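Comments concern the structure below.
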Amino acid sequence: MIKRSAVFLLLLILTTAVSAQYYMLGEDAAHQKWYCIDTRHFHLVFPESFLNRAQSLANQSEQYYSTVTGSLNHVSRKIPVLIHTGSVVANAYSLWTPERTEYFMTPSQNNYSHNWLQQLIIHENRHMVQMDKLNQGLTKALGYVVGEQAVALTLGLFMPMWYMEGDAVTTETAFSESGRGRIPSFEMKLKAQLLTEGLYDFEKASLGSYKDYIPDQYSFGYYYVAQSRNFYGTSLWDNAIRNSARNWWQLSPISHSFKKQTDYNKKQLYQLFFQDLKDRWLMQAAANQTAKYALVPLPKNKVQTHYKFPEFINDSVIVAEKSGMDDYARFVSININTGEENIICKAGFYASEELPATDAIPVLAKNSPGSWTTDNLSLAQNTIVWAEKKWHPRWEHVSYSVVMKHDFVSGETVQLTHRTKYFSPAISADGKRITAVEFLTDGSCNVVILAASNGNLIDTYPLEPGAFAMNPEFSPDRKQIVCVTQKPDLKGIEILDLETKTWRTVLAPSAADISNPTWRNDGIYFNAPFSGVDNVYHLNPASCAVSQITFDTFGAYNISFSPSGERFVFSSYQNAGFVLKTAKTNEIKPLEFISVCNRCINLDSCYIAQEKAFRPDSLCNDSLYEIKKYKRGLQLFDLHSWMPVSFNTDRYNLYPGITFSSQNLLSTSVLTGGFEMINDHYHARTFVDWTYTGWFPQVSVHASMGANEGIGNINEFEDHYTWYIKTAGLKVSLPLKTTVRDYFQKYKIRAGLQTHYLQPYASLALPHGLPYGTTRSASAEFEFMNRQKTVLRDLMPRWGQDISIHYQHSFGGDIDLGEQLNADAKIFIPGFARHHGFRIDGAYMKKNPGEYSFTDDFSNPRGYRNIFSTKSQKVGLNYKFPLCYPDLNIGSLLYFKRLKLNLFYDYGEYNFQNTRRVINSAGCEWTCDTHVFRFFIPLDIGFRYAYLPRTQENTFEFLLGINFSGF
C-alpha cells in the first residue's frame, strides 16, 4: 500500500508539473479581427487594434533576440506570440503546453522606466529560450513519448520557478537603462527581511510561508541568479540547465551540477550569496543619511500588514488603504494621536487582479500580501476616489478600469464610470472635478477630466504617440495638472496647462523610478530613488529645483500634509509591512539634489559585462514585414501533447491507457481524447471531447464508448447493473461573471442533447430480459457562485454561496434511461476566529430509472462508498481552520507550511428497492500544505478519519490534493 501510494504521489507530481503549464487564460471578444506577421524567430498574432504597433513589435523582437539568447548559448525554435489589447491587466505569460507567450498591452500606473512593450519582449522571450533549452537529451527523447509535456515535466520537477523569473529579471535589467534589478522598491522587501530577521532557511526563503512574509520568487530568484553570475559567471546556470535536461536520474540535477562546478550545493550557495547581500546592504544603510520620525499608533498585527496612501481628513484623522496577509484591501480612518481605527469601506478588485477560480492555477507571485493595491488614493471635500477593475461578463480579455467614489458624509460608495479605461483618478481641491489617465486599445494615452458628481467626461488632453501618463494631480488653483510621463522609456514630471493645453517639463526624464506626484501651495512632492533608497522629494515648479525631504531606512512614500500644514505623514516600509510615520512640518531639513548621493549596491554591473554588446534600436535598420489576415477557422487544432496513461486532473484518477491534447493559439479550441482501462472492473472506455469558446455561447461536442454502472429497472425490478454504452452529444453553455464590490459572481447555463446506444456488459450472449438499443436524452444545467474575496491565509471564502442544478431526461428510441435531477449547494460562513470557517453542504439526487439510468453524480456521506439509490439527500457541516504554520523541512524531501484541521458531520438518506436507509458519519480531516522535493506547487497531504455510527465502523482514508493557491 505504501509503495502504491508512493508511485501515485510521484505520478501526481509529474502530472501536476504538466498541469502547471496548462493555462487557459480566457478569450478575446468574438468580433475581434486577427492578423499575423512571421519573422525569422517569431510568429506574431495580434488584433486589429494593434496594427499600428505591429511592425514595431516585429522589429524589436528580432533586434533583441540575439542579446536575449546570448548568455544561455541557445537558439530557440520559432516562438508563437499572442497579443491582447482589450484587458486592463499589465502582465504576460510564457507557457509551454502548448508553446506560446501572451502579452497584455496595457501598462501599469506603477510602470518603471522601461517601455512596456520592450519589457515584455525581453522578459518573456528569455522565458521561452529557458524552456526551449531544456528540450535536449533525455527530455527531448521523452518528447517523442509525451509531446511538449516533456519540457513541462523537466521544468516543473527540476527547474525552480524562482530561477526562471530571477533570470528573466536579470536579463530585462541588463538590456535596459532601468529594470527591476536597479529599482530600490524591488530590493526593499528582501533587504528589510535580511537586515531585520536575517537569513531564513533555504526552503522557507524559496518556497514561501504562511507565518512570515517572504519576498516573492521574482525577488529571491533575481538576487540568487545575479549573485551566481557575480561569483561564477554565466556558465553556472548554462551547465545546470543542460544537466537538468539530460540527467533526470540525479533527482536534484541542479544541485549536482552546482556541486560539481563550485563544491557547493544549491542551499550552500544561497547562504553564500545572501550573506554577501546582507553585508552590502548593511554598509549601504550605515552610509545613508536617516532621520527619526514618530510612528503613528496602529493596531498590533501578528502578520505583515500595509498602510498605504495616507491622506488627512482633518488635523488628527487620516484615511489610508489597509491590506496584508490577513486582510484584503479596505480603506480605514486612523486617529494619528490615539491609533483608533475604523473601516470606511472595502475595496473591490484592482486592475491587475484576477478573479479567484478563474484559472486552475493563479498568476505566479501574485498571491502575496500587498500584491493587490490601488495605484493611488485621492481625497478632497470629504470624498475619496480610486480606480477598480470590472470585467466584461463573457470575455476574460475584455476588462475595464472604472472610477469609484466614497462620500464620508453619506457613507455611500458609487461607481462613477462604466466600461471605461480610466486609471489613477485624483479629485480637485473643490471636489468638483476628477482627473485620470485614459489608455485605449490602440495604444493612445490621454489625460481626462471628469465631473465628480456623475463621472461624465468634461475634456480630453491627448499625449503624443508613444507617450504614457501616470498619477495625474490637480494644482491647488485647479488650472494645471501635474503627472509623471514616460516617453518612451524614461520618466519625468510634466505640467499640463488646462487653458492653453500645453505641456511643460519640470523634471527632466531619467531612468529613475519616480511616482505619485502631489501638488501643494509650496510645490510638488513625489517619490524617487535618487539616493539608492526610495524617499519623498520636493520640486519647485517655477525653478525646477529638487530637494530630498524624507530620509527613511528602507523606503518612504506618498507624503500628506495636515490641513493646517503643521504635520505630515507618509508610508514607511518595514519588514512588518508599510507603517505610517509622522513629524512636524517645521522639522523638515531639505537636502539639495546636488548633495544627494546614490549609494545603491550596483549588483547589475557584474552581469551586464557578461552579456553580448547590446545595440540600441536607433542603430538597427527596421524591416517592413508582411501583415496577413489570421484565419481562425484554419487554426483550430494544435496537437501538442500525449501521454501513455489516462489521468483525471479533477478527481486524481490514474488509469492505464493513452490520452492526447490539442489547444489552438487563441485558446478557443480545445480537443482532448484517449483510451483508458478502468482496472477495478476491467472495463475500457474511449472518449473524445472538443470545446469551442470563441463564440458568445460555448459549444462542446463529445463522444465516448465504454462501461457504465448504475440503477436499472428491468421487469419492474430495480437493481444495480453494468452495461456497455456509446454516447455522442452536443452541449451549448453560457458562462458569465460579474462583481459587486468585494464579491464576485459566476453563472453558467448549459443545455445539451445526446444520443446513446446501450447493451448489457457481458462477454457471452445477452442475458434474457436485458434490453438493448438506442435512446436520446436532453440535459439542462445551472450553476451559480457568489463569493467574497479571499487573502493568502484564508482556507475558504468568509462568505459565499454555490448552487448547482442538473436535470437529465431521456426520450424516444428503443429503451428508456428515465430522468434524473441533481442539486448541490454550499454555504460559507465565517468561523470563530480569523481564517476559520463553516461550510454547510447540501446535496439532492432523484432518479426515475428506465431500463437503465443516468450515471450517479452524488457525493455520499464521508466514509461510505458504492451506494446505489434512486433518491439520495445529504447535509454536511464542516468547520475548517489552520492549526499551525510550522515552516519545517526534512532536508530537501519535505517542507511543511501549514497544518489544517476540518471537523465534519454528514447525514444522508437514500432509497433503493422501496427501502429508505439513513446513514451518517462524523470525523476529521488532517491535511498539510507540503512541498515535496522542493516542488514549487504544494501538495495537500493528509488523512480522513470517519466514524460510522450505524455500523460502528472506523474508517481511514489517505487524502492527496493540489493546493494551486499556495505558491
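Within region 528-546, restricting attention to residues that are of a type in the set (A, V, I, L, M) and touching a residue at least 12 places away in the same chain (Cβ under 8 Å), the residue that is surrounded by the most Cβ atoms within 10 Å (Cβ to Cβ) is Val533.
Checked against (1) among the hydrophobic types (A, V, I, L, M, F, W, C); (2) open to solvent by 30 Å² or more (accessible area, probe 1.4 Å); (3) not in a strand (DSSP E or B), Ile937 meets all criteria but (2).
With respect to Leu379, determine if the residue is touching a residue at least 60 places away in the same chain (Cβ under 8 Å) and among the hydrophobic types (A, V, I, L, M, F, W, C).
yes
Among the residues of region 456-478, is there at least one that is of a type in the set (Lys, Arg), more than 19 Å from Ser185 (Cβ to Cβ) and free of Cβ contacts under 8 Å to residues at least 24 places away in the same chain? No, region 456-478 contains no residue that is of a type in the set (Lys, Arg), more than 19 Å from Ser185 (Cβ to Cβ) and free of Cβ contacts under 8 Å to residues at least 24 places away in the same chain. Within region 390-405, the set of residues being open to solvent by 30 Å² or more (accessible area, probe 1.4 Å) and touching a Pro at 6+ places or on another chain (Cβ under 6 Å) is empty. Among residues that are open to solvent by less than 20 Å² (accessible area, probe 1.4 Å) and touching a residue at least 40 places away in the same chain (Cβ under 8 Å), Gly863 is not included.
Scanning region 98-112 for residues that are over 19 Å from Tyr65 (Cβ atoms), more than 18 Å from the chain's Cα centre (by Cα), buried (at least 22 other Cβ atoms within 10 Å of the Cβ) and not aromatic (Phe, Trp, Tyr) gives a single hit, Gln109. Scan region 19-38 and report the pairs whose first residue is among the polar types (S, T, N, Q) and whose second residue is surrounded by 19 or more Cβ atoms within 10 Å (Cβ to Cβ) and modelled with pLDDT of 90 or more, with Cβ atoms within less than 8 Å and a gap of 6+ or a chain change. Final answer for the pair search is Gln32/Pro47; Gln32/Gly86. Close contacts from region 812-824, counting a first residue that is surrounded by 19 or more Cβ atoms within 10 Å (Cβ to Cβ) and a second that is among the aromatic types (Phe, Trp, Tyr), with Cβ to Cβ under 6 Å and a gap of 6+ residues or different chains, come to Leu817/Tyr852; Leu817/Phe854; Gln820/Phe854.
Residues to consider are Phe568, Phe578, Phe554; find the one that is more than 30 Å from Lys211 (Cα to Cα) and aromatic (Phe, Trp, Tyr). The match here is Phe568. The residues listed here are Asp212, Asp238; of these, the one that is in contact (Cβ under 8 Å) with a residue 60 or more places away in the chain, charged (D, E, K, R) and farther than 30 Å from Leu142 by Cβ is Asp212. Scanning region 589-609 for residues that are open to solvent by 60 Å² or more (accessible area, probe 1.4 Å) and in a strand (DSSP E or B) turns up just one, Glu592. Within the set Gln801, Gln759, Gln745, the sole residue that is of a type outside the set (D, E, K, R) and open to solvent by less than 40 Å² (accessible area, probe 1.4 Å) turns out to be Gln745. The number of residues in region 406-427 that are in a strand (DSSP E or B) and open to solvent by 40 Å² or more (accessible area, probe 1.4 Å) comes to 4.
Residues that are of a type in the set (S, T, N, Q) and open to solvent by 50 Å² or more (accessible area, probe 1.4 Å) were ranked within region 288-302; the one that is farthest from Asn586 (Cα to Cα) is Asn301.
Cβ-Cβ below 6 Å, separation at least six or inter-chain, first residue in region 591-609 and in contact (Cβ under 8 Å) with a residue 60 or more places away in the chain and over 21 Å from Asn540 (Cα atoms), second of a type in the set (Val, Ile, Thr) and open to solvent by less than 50 Å² (accessible area, probe 1.4 Å): which pairs? So the pair list comes out as Asp604/Thr173; Tyr607/Thr170.
When the test is whether a residue is assigned to a helix (DSSP H, G or I) and surrounded by 19 or more Cβ atoms within 10 Å (Cβ to Cβ), Leu155 passes it. Tell me the residue from Phe309, Phe273 that is surrounded by 16 or more Cβ atoms within 10 Å (Cβ to Cβ) and not in a helix (DSSP H, G or I), please. Matching residue, one of Phe309, Phe273: Phe309.
Would you pick out the residues in region 247-260 that are surrounded by fewer than 15 Cβ atoms within 10 Å (Cβ to Cβ) and part of a helix (DSSP H, G or I)?
Scanning region 247-260 gives Trp249, Gln250, Lys260.
Does Arg917 satisfy the condition of being out of contact with any helix residue (DSSP H, G or I) (no Cβ under 7 Å at 6 or more places or on another chain), in the same structural domain as Thr775 (by the TED database) and not in a strand (DSSP E or B)? Answer is no for this residue. Within region 126-133, identify whether any single residue is in contact (Cβ under 8 Å) with a residue 60 or more places away in the chain and basic (Lys, Arg), and answer yes or no. The answer is yes; a qualifying residue exists.
In region 406-419, the residues that are under 16 Å from Val88 (Cβ atoms) and assigned by the TED database to the domain that holds Leu450 form Cβ pairs under 8 Å with partners that are in a strand (DSSP E or B) and of a type in the set (Phe, Trp, Tyr), at six or more places apart or across chains, as follows: His418/Tyr400; Arg419/Tyr400.
Counting only strands (runs of 3 or more DSSP E) that sit completely within region 759-859, those holding 2 or more residues that are among the aliphatic types (A, V, I, L, M) and either within 27 Å of the chain's Cα centre (by Cα) or at pLDDT below 90 (or both) correspond to 819-830.
The values are calculated or read from the model by the stated rules, or taken from the named source; none is laboratory data. This is a predicted model, so every value here is computed, not measured. Glycine gets a Cβ as well: all are built from the backbone with ideal geometry, and neighbour counts include every protein chain shown. Quick note on the areas: whole protein, heavy atoms, side chains included, nothing else; ligands and nucleic acids left out. Shrake-Rupley method; radii C 1.70, N 1.55, O 1.52, S 1.80 Å.
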